[in-house]
Amino acid sequence: MQTILGANGQIAVELARELNREYAPDLRLVSRHPRKVNETDALASADLLDAGQTAAAVDGSEIVYFTAGLPADTELWEKQFPTMLGNALDAARAAGARFAYFDNTYMYPQDDRVQTEDTPFAPLGRKGKVRAEMASMVLAEIERGEIPVLIGRAPEFYGPGKTQSITNTLVIDNLKSGRKARVPVRDDRLRTLIWTPDASRALALLGNTPEAFGQTWHLPCCDERPTYREFVELAADVFGQEHGYTVVPRWALSAAGLFSSQVRELKELLPRYAHDNRFDSSKFTAAFPEFEVTSYRRGLEFIRDEGAA
């Protein structure tokens, strides 16, 4: 039995598809209101803030994937995320299960340096501090050594379905709707984006590779690192739209935060858009050379065709 905690998000849905297709037809999906992805999925309703419910949901599992998400609310993150992760780690340890933690880059420095698995944590905002605390909890569990544990870390998403990211919201969704794309802060800095199905496929592969445990892995991205200008031009070409776009300066996004809680919650991430973002996944590609990474054009064509279906 392989179990996904936080089973309704885009990463979890793609993970469930990949596990069912390639590794584990015996899947358990866990959330407060879980929904089947595959016909054979077993569902377990649990609140990960409750240690007993979490333990019951994990009991009997061989591998546990932590993909739980929360709305972009800082206070909610601070109050709930560490507790949810702590309960999940305790439950996996009690079950003797392997544990795969899906992570992001909020805790990394928001500057020009190349990001590797050894990049030190230097969070700028409160949500970044929460993610640094959580990653440190998982690293401590690795050091503890009682169960096999790994971290799979992804940069900013773009993807199909209900993928939530700045790039989906400002660029892809606008172009799909025939509106002008909006680019945050600058259009001439390099971006590293990960196709959400690739992130899920890679996490499934790591979880089913015993020698991958005890380590942090950057999940695989395209070798290409387009600027937002280049990405918008490619997306506009794929969607058959005009190439024009608007660069929204940092001050304007900060001002918008006075009126929009959603924008305000993203404010701490804005410095990263003033710099090249170079996320290095060469460790993964060296270990798994046959893993096929989706090109930006292929990903955007999938989104286009999905919308036409």
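The values are calculated or read from the model by the stated rules, or taken from the named source; none is laboratory data. Keep in mind the model is a prediction, meaning the values are calculated, not measured. When we count neighbours, we look across all protein chains shown, and the Cβ atoms used for this are built from the backbone with ideal geometry, even at glycine.
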**Asked** Considering only residues of region 192-225 that are touching a Pro at 6+ places or on another chain (Cβ under 6 Å) and part of a loop (DSSP other than H, G, I, E, B), which is farthest from Ala12 (Cα to Cα)?
**Response** Thr192
**Asked** Residues of region 71-81 being buried (at least 16 other Cβ atoms within 10 Å of the Cβ) and hydrophobic (A, V, I, L, M, F, W, C), which ones?
**Response** Ala72, Trp77, Phe81
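Give the residue, chosen from Ala100, Ala132, that is under 22 Å from Phe213 (Cα atoms), among the small types (Gly, Ala, Ser) and either in contact with a helix residue (DSSP H, G or I) (Cβ under 6 Å, 6 or more places away or on another chain) or buried (at least 19 other Cβ atoms within 10 Å of the Cβ) (or both).
Values: Ala132 fails: either in contact with a helix residue (DSSP H, G or I) (Cβ under 6 Å, 6 or more places away or on another chain) or buried (at least 19 other Cβ atoms within 10 Å of the Cβ) (or both).
Only one candidate passes the filter, namely Ala100.
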**Prompt:** Among the numbered criteria (1) touching a Lys or Arg at 6+ places or on another chain (Cβ under 8 Å); (2) in a strand (DSSP E or B); (3) of a type outside the set (A, V, I, L, M, F, W, C), which single criterion is violated by Arg182?
**Reply:** (1)
**Prompt:** List, please: which pairs have Cβ atoms under 9 Å, are six or more places apart or on different chains, and start with a residue in region 279-295 that is not assigned by TED's automatic domain parsing to the domain that holds Glu117 and end with one that is modelled with pLDDT under 95 and surrounded by fewer than 15 Cβ atoms within 10 Å (Cβ to Cβ)?
**Reply:** Thr285/Asp223; Val293/Asp223
**Message:** Quick check on my filter: what residues within region 27-68 are crowded, with 16+ Cβ neighbours inside 10 Å, touching a residue at least 40 places away in the same chain (Cβ under 8 Å) and not hydrophobic (A, V, I, L, M, F, W, C)?
**Reply:** Thr54, Ser61, Tyr65, Thr67
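So that you can scan it fast, the table gives a plain yes or no per residue for (1) in the same structural domain as His33 (by TED's automatic domain parsing); (2) closer than 30 Å to Met1 by Cβ; (3) over 16 Å from the mean Cα position of the chain (by Cα); (4) not aliphatic (A, V, I, L, M):
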| site | (1), (2), (3), (4) |
| --- | --- |
| Ile63 | yes, yes, yes, no |
| Glu78 | yes, no, yes, yes |
| Met84 | yes, yes, yes, no |
| Glu117 | yes, yes, no, yes |
| Phe121 | yes, no, yes, yes |
| Ala132 | yes, no, no, no |
| Leu139 | yes, yes, yes, no |
| Ile142 | yes, yes, yes, no |
| Ile147 | yes, yes, yes, no |
**Prompt:** If we scan region 163-179, do we find a residue that is outside the structural domain of Val247 (by TED's automatic domain parsing), over 25 Å from Thr74 (Cβ atoms) and part of a loop (DSSP other than H, G, I, E, B)?
**Reply:** no
